[in-house]
Amino acid sequence: MAETLLDIAMMHSDSLIARAREGDKNAQGKLVQLWYKRIYNFSYKFFFDHDLAMEVSQKTFISMHKNLAGLQEVTRFKSWLYTIAVNYCREETRKKKASRSFSLHDLNPGEGEESYRWEESHHRNENPERQLRHSELSDLLQSCLMQLSQEQREVVIMKEYEGLKFREIAEALNISENTVKSRMYYGLEGLKKILEQKKITKETIGYEL
Amino acid sequence: MNYRPDESTLIAYLYGELNEKETKKLEAYFQQHPEELVKLRGLDEVRDVMSHAQDKEVIAPPVFVDEAGVKPFWHSSYFRVSMGIAASFLFLLVAGKLLGPEIKYSNGELRISFGNKTEQPVQSNGLTEEKVNELISSSLAKNNESLEFVRTEDQKKLMQTIADFNSKKMNELTKTASQASQEQVRSFVSSLQEQNLKLMKDYFQLSTSDQKKYMESLLVNFSSYLQEQRKQDLQYVANQMNSLEKNNNQFKQETEQILTSLISNPGKKKNNY
């Protein structure tokens, strides 16, 4: 329910963005509150790493604060914000490659251990056992997502989890809509193969849950 | 019918973002190719499965409003630079007013001056080259005159003193020469001869006595040398004789020992074999 309200607020935040663009500090603060979770989750799904997601989120909102005055159209705020986020994600990926470091998530868990139990969970209101299963499933699906190429992963996350329109994704990534759709198609196809390999289907998920 | 939808059309249909005309066209295609629809439903199933990946809860950090961006007008660099230029110009004006500078250019001469103008006495340019030459020649003539005068005076004085001195000496000599008699001259000459004779005698006497002493000492030294030589020779001969004697005695003793050993051990050699 709370998320729905938040979504509504995000959908109708044009006046808020306009005020923030004019330099209203309170409006800027509210924008951060509204969009922080989305940008964090986008980055988290991109990296499957909490620290990197936090890093990218903070950099994105610092950049938003500095450059908001230069935003031409208020309606393009969403794609503009994701453009910043995706650029920082790519930058961090380059740094990661250069430093040759890897997180614990890059290590394959042992046989019969598909989960990453150290991942934190915040669904406090749910049944702890169910919550743990959800968390494990999320991590499993996240690991599938990480097997996609970076270009396909960007598009899949933006479409499937962030709910951006193809036009908005195209704007954010500065590519054509057809390219976005094509990447989406092959991304889903790739995921299908990965899920089949891991024997994850709608039925097994229903049984697990 | 050769219609074959591309990936972007299929995806747009999957997400319900395809327009009505295209949708109908595609659905007609699916009726003819149901396997394509199954394939697309497979992708839809993937979406369904992937939707179970939950969002992570995260708390947005507090926003600190940075006021550094809002700078007052007088803190802007443009204002600072222009004010700096204006202030330095004003300083130059005030300094100029206080110091009273004056820059003048005339007859190829640039003159920069500060403060009140002081009038310098104008020097007259009345002196010509001829006048200067006249002045120099007149002063030289005066100088030459005075030098000539001094020189003639000095010469006169010198001549006077030399003449006085010579005349005095000549007078004294002629006086003494005229006063001396013939006898005195003789006695003077004889005394000179006596002195010479005496000197010669002394010389010869002294030289003969010295020669005598030298010869005597030479003879004495030679005789003592001969005696010493004789002593040494005698000593040498005595030593030689002693050594001969010693050798002789030693030889004697050795022969005695040999003889005694021969006599005392006549048959021992045989036993050694």
inquiry  = Looking at B:GLU109 and the list (1) away from chain A (no Cβ under 14 Å); (2) at pLDDT 80 or above; (3) surrounded by 10 or more Cβ atoms within 10 Å (Cβ to Cβ), which single condition is not satisfied?
reply    = (3)
task = Among the residues of segment B:112-126, write down those that are modelled with pLDDT of 75 or more and exposed (fewer than 10 other Cβ atoms within 10 Å of the Cβ).
result = B:ILE112
inquiry  = So the check is Cβ under 6 Å with 6+ separation or different chains; which pairs have a first residue in segment A:121-139 that's modelled with pLDDT under 70 and a second one that's among the polar types (S, T, N, Q) and part of a helix (DSSP H, G or I)?
reply    = A:SER121/A:GLN131; A:SER121/A:SER135; A:HIS123/A:GLN131
key: Number of positions in segment A:173-189 that are without any contact (Cβ under 8 Å) to a residue 60 or more places away in the chain, crowded, with 19+ Cβ neighbours inside 10 Å and more than 7 Å from chain B (Cβ to nearest Cβ)   = 3
inquiry  = Looking only at segment B:1-49, count every residue that is part of a helix (DSSP H, G or I) and either under 60 Å from the mean Cα position of the chain (by Cα) or farther than 21 Å from A:GLY163 by Cα (or both) and tell me the total.
reply    = 19
remark   = Within segment B:69-113, residues closer than 30 Å to A:ALA69 by Cβ, over 52 Å from the mean Cα position of the chain (by Cα) and assigned to a helix (DSSP H, G or I) come out as B:GLY69, B:PHE73, B:TRP74, B:HIS75, B:SER77, B:TYR78, B:PHE79, B:ARG80, B:SER82, B:MET83
task = Any residue in segment A:65-80 that's under 9 Å from A:ILE17 (Cβ atoms) and within 14 Å of chain B (Cβ to nearest Cβ): show its pairings with residues that are assigned to a helix (DSSP H, G or I) and among the polar types (S, T, N, Q) at Cβ separation under 9 Å, as long as the two are six or more apart or on different chains.
result = A:LEU68/A:GLN28
task = Name the single residue, out of those in segment A:159-172 being more than 8 Å from chain B (Cβ to nearest Cβ) and in a loop (DSSP other than H, G, I, E, B), that is surrounded by the fewest Cβ atoms within 10 Å (Cβ to Cβ).
result = A:GLY163
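The values are calculated or read from the model by the stated rules, or taken from the named source; none is laboratory data. Bear in mind the structure is a predicted one, so any value in this text is a computation, not a measurement. All Cβ positions, glycine included, derive from the backbone under ideal geometry; neighbour counts span all protein chains shown.
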